[in-house]
Amino acid sequence: MREAARDAIHARGAAVALGGRTVWQGLDLAVGQGEFVAVLGPNGVGKSTLVKAILGLVPLSAGALSVLGGRPGEHNAGIGYLPQRRAFDAGLRVRGVDVVRLGLDGDRWGVPLPGRTRRRRDADARVADVVNLVDATAYAKRPIGEISGGEQQRLLIAQALVRRPRLLLLDEPLDSLDLPNQAAVAALVSRICHDEGVTVVMVAHDVNPILPYVDDVVYLGPGGAVAGAPKQVITSATLTRLFGTPIEVLQASDGRLVVVGQPEPPAYHADRHEHP
Amino acid sequence: MVVVADAGARLTWNLVTDTRQLFAFHFMVNAFRAGTVVAVAAGAIGWFMVLRRQAFAGHTLALVGFPGAAGATWLGIGAAWGFFGFCSIAALSIAALPHRDARGYSEQSAGIGVIQAFALACGFLFVSLYRGFLNGVNALLFGSFLGITDGQVLVLLVVGAVALAVLVVAGRPLLFASVDPGIAEARGVPVRVLSLVFLLLLGLTVAEVSQITGTLLVFALLVMPAAAAQALTARPASSLALTVAISLVVTWAGLGAAYYSPYPIGFFVTSFAFAVYAAATATAAVRRAPGPNIAPAP
Ligand SMILES: Nc1ncnc2c1ncn2[C@@H]1O[C@H](COP(=O)(O)OP(=O)(O)OP(=O)(O)O)[C@@H](O)[C@H]1O
Ligand SMILES: [Mg+2]
């Protein structure tokens, strides 16, 4: 067993109840610093809820959770967060760099003094740096509503990174991207994880785009969660135990994993997503 | 009510003479003072309203001003108090409508529509209770710039200054919460509180604007300058400044035109704002569609 204080995220027997219903319980989790961890599981199993619990936006109903050595929410300044989302409204007339900039000082009260102060120059330089880091310089000055979903996603990753966080929480960042873009964003996140030494927790629908990069996966199921190296977790035996129904994991010749027989999500999840 | 004073006012097309004529009467000076305060407040708050897509809430708040002012007139207290009181109460009611989620800008259309219909019904009730008031109804709905007293200008100034001061303090977090409530909340921005504060500011501003443009034409100053500016630039600071500038120019031009003509001010302000909006959208459309003869950048 690892030492809780040195882990970026450490959970023991954690549970969350929303609207009187237990979303998950008995969750044990240990994410080491600098690791790239994927959170997997079917729709409605509580992946986003886990991310919100790590941020302290959703309280635990049982168990313990420590994040960056403190209570959830205590060190949010050191966390970069990308919520699960649909695209920005097409009519939103704010530039990409402005959205990134809001991640830097959008929570400050008052207006900055006009003129080229030192602080402003530093802020502009930092924004330009992260935009460059995610290869978004070419379209960062266009209104964010007008650029493609993949381009928006990169700028949002830049926004999450702009304050040099120690922990990056990405909720389905590959959602709605085409396959080449999924691969590109996955490689980008892995590069950031290693070059900047950031711990990354990424919720994903499909493990395959990130399979080459992840250290560990956490598979959420109705009975709890299993965590470990992908090879140990994404197997027929483990997933069958987690879901209590027969599940088969097939491996294609190119190494991709296909999970067959995953239980259907319950019907009341159908209306869960917000629509524009 | 002041007797219409345009008997001697003729447009000479001489800028100096016309301007001197315009400011010859104290009521006209007050109209410009009030218009300036209202234009600045409406521009700034309207910019956020357009960004947050709360136009329907703004429209409802405007219509709520009508029963407020009618009721206040019926009771014999100044219409301004009715505007401010009813618009604030309506803003709080809209804020209290159940939210689907933490997002500050989700519009609860059905609930807001109910408030709107009820407000209009009350307005007509008050109007019919107070029979001698039919001329006033026109001013309430379509605006008037006559007979604004020093005291009224002062009230407008104080309320406008408070609204702007709140915006100066909360502007950046409000922008964050408007653009991306989910991330703003995770960063510790009080998204729900800001959403309530903004609705209150919107209520107060709508009450101010109503007193110049009338409750039906509030959007002339609240939506059109902001929509025009946002079409022209996507830089937040520039488009906010441009919004206030357009709003001021449109209001001043509207006051001038109304002074030299027998038609109501609401019509002029709205038409000028609409002209600016149309020109801005056309410019943006032309800029966006690259013509075949545009040379590639060297
Ligand atoms: N505010 C809430 N009140 C009550 N129940 C909620 C609330 N938010 C989420 N839930 C429920 O909690 C469960 C987990 O939701 P969550 O969004 O975490 O799922 P998810 O694994 O992220 O799903 P997806 O893959 O579709 O994003 C769902 O059953 C959902 O209906
Ligand atoms: Mg989710």
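The values are calculated or read from the model by the stated rules, or taken from the named source; none is laboratory data. Because the structure is a prediction, the values reported are computed rather than measured. All Cβ positions, even for glycine, are placed from backbone atoms using ideal geometry, and neighbour counts span all protein chains on display. Heavy atoms of the whole protein, side chains included, go into the accessibility calculation; ligands, DNA and RNA do not. Shrake-Rupley method; radii C 1.70, N 1.55, O 1.52, S 1.80 Å.
For B:Gly143, enumerate residues with amide H under 5 Å from its amide H, sequence gap 5+ or separate chain, H modeled in the peptide plane.
Residues meeting the amide H criterion: B:Gly214, B:Thr215.
If you build a Gaussian network model of chain B, linking Cα atoms that sit under 10 Å apart, which residue out of B:Leu221, B:Leu75, B:Leu204 swings the most?
Between B:Leu221, B:Leu75, B:Leu204, it is B:Leu75 that shows the largest mean-square fluctuation.
Taking the Cα centre of segment B:4-286 as origin and charging only Cβ (+1 Lys, Arg; -1 Asp, Glu), how large is the dipole, in debye to the nearest 20?
260 debye
Could you pull out every residue, at least 5 positions away or on a different chain, whose amide H is within less than 5 Å of the one on A:Leu92? Hs are placed 1.01 Å off N in the peptide plane, and Pro or chain starts have none.
When sequence neighbours closer than 5 places are left aside, the close amide H contacts are A:Gly145.
Taking +1 at the Cβ of each Lys and Arg and -1 at the Cβ of each Asp and Glu, which of B:Ala161, B:Thr283, B:Val244 sits farthest along the dipole of segment B:142-298 towards its positive end, judged by Cα position relative to the Cα centre?
B:Thr283
Rg and Dmax of chain A over Cα atoms: what are they, in angstrom?
Looking at chain A, its Cα Rg and Dmax stand at 19.3, 65 Å.
What is the helix-to-structure angle for A:149-161, meaning the angle in degrees between its Cα long axis and the longest Cα principal axis of chain A, kept from 0 to 90 and rounded to the nearest 10?
It works out to around 80 degrees.
Karplus couplings for segment B:50-63 from phi (6.51 cos²θ - 1.76 cosθ + 1.60, θ = phi - 60°), rounded to Hz, Gly and Pro as x?
Using θ = phi - 60°, the values come out as 5, 4, 8, 6, 10, 4, 5, 4, x, 4, 5, 4, 5, 5 Hz.
What are the ³J(HN,Hα) couplings of segment B:179-192, residue after residue, when phi is run through the Karplus curve with 6.51, -1.76, 1.60 and θ = phi - 60°? Round to Hz, x for glycine and proline.
Per residue, the Karplus-derived 3J(HN,Hα) values read 6, 8, x, x, 6, 4, 4, 5, 7, x, 6, x, 4, 5 Hz.
Two decimals is fine: what is log10 I(q)/I(0) at q = 0.17 Å⁻¹ for segment B:141-230, from a Debye sum with one equal scatterer on every Cα and no solvent?
With no solvent term, the Cα-only Debye profile gives -0.83.
Helix A:179-195: angle to the longest alpha-carbon principal axis of chain A, degrees 0 to 90, nearest 10?
Helix A:179-195 sits roughly 80 degrees off the main axis of chain A.
Using each residue's phi in segment B:85-93, evaluate 6.51 cos²θ - 1.76 cosθ + 1.60 at θ = phi - 60° and report the 3J(HN,Hα) Karplus result to the nearest Hz, with x for Gly and Pro.
Taking θ as phi minus 60°, the curve returns x, 5, 5, 5, 4, 5, 4, 5, 5 Hz for segment B:85-93.
Do you know the relative contact order of segment B:4-286, to the nearest whole percent, from alpha carbon pairs under 8 angstrom that are 6+ apart?
Details: 428 pairs, mean separation 85.3, N = 283.
Here the relative contact order equals 30 percent.
How far apart, in nm, are two points set 7 Å out from the Cα along the Cα-to-Cβ line at B:Ala278 and at B:Ala245?
Those two pseudo-labels are separated by 2.3 nm.
For A:Gly221, enumerate residues with amide H under 5 Å from its amide H, sequence gap 5+ or separate chain, H modeled in the peptide plane.
Result for A:Gly221 returns A:Val226.
Please give every one of the aspartates and glutamates within straight-line cross-link reach of A:Lys231, meaning a C-alpha to C-alpha distance under 17 Å, and leave out same-chain neighbours fewer than 8 residues apart.
Here the aspartates and glutamates satisfying the reach criterion relative to A:Lys231 are A:Glu35, A:Asp206, A:Asp215, A:Asp216, A:Glu248, A:Asp254.
Can you give the alpha-carbon Rg of segment B:4-286 over 2.2 N^0.38 Å, where N counts its residues?
That ratio works out to 1.00.
What list of whole percents do you get for P(r) of the protein assembly as shown, with Cα-Cα distances grouped in 10 Å bins up to the one holding the largest distance?
3, 16, 23, 20, 16, 12, 7, 3, 1, 0
Per DSSP H run of n ≥ 4, the term is -39500 (n - 2.57); total these for the protein assembly as shown, divide by its residue number, and report the mean residue ellipticity at 222 nm rounded to 500 deg cm²/dmol.
Result for the protein assembly as shown: -17000 deg cm²/dmol, rounded to the nearest 500.
Roll a 1.4 angstrom probe over the protein heavy atoms and tell me the percent of accessible area of segment B:4-286 that is carbon or sulfur.
Carbon and sulfur atoms account for 74 percent of the accessible area of segment B:4-286.
For the protein assembly as shown, with the dipole built from +1 on Lys and Arg beta-carbon atoms and -1 on Asp and Glu ones, taken about the Cα centre, which of A:Leu113, A:Leu57, A:Ala160 lies farthest toward the positive end?
Selected residue: A:Leu113.
How big is segment A:126-225 along each principal axis, measuring the range of its Cα positions in Å and listing the largest first?
46, 27, 22
Once you average over the residues of B:160-171, how many Cβ atoms of partner chains fall within 10 Å of each Cβ?
Average neighbour count from other chains, rounded to a whole number: 1.
For A:100-108, what's the mean count of beta carbons from other chains sitting within 10 Å of each residue's beta carbon?
For peptide A:100-108, the averaged partner shielding equals 6.
Solvent-accessible area per residue for the protein assembly as shown at a 1.4 Å probe radius, Å²?
45 Å²
Would you mind putting B:229-239, B:151-161, A:228-238 in packing order, based on average other-beta-carbon counts within 10 Å, highest first?
Output ranking for B:229-239, B:151-161, A:228-238: B:229-239, B:151-161, A:228-238.
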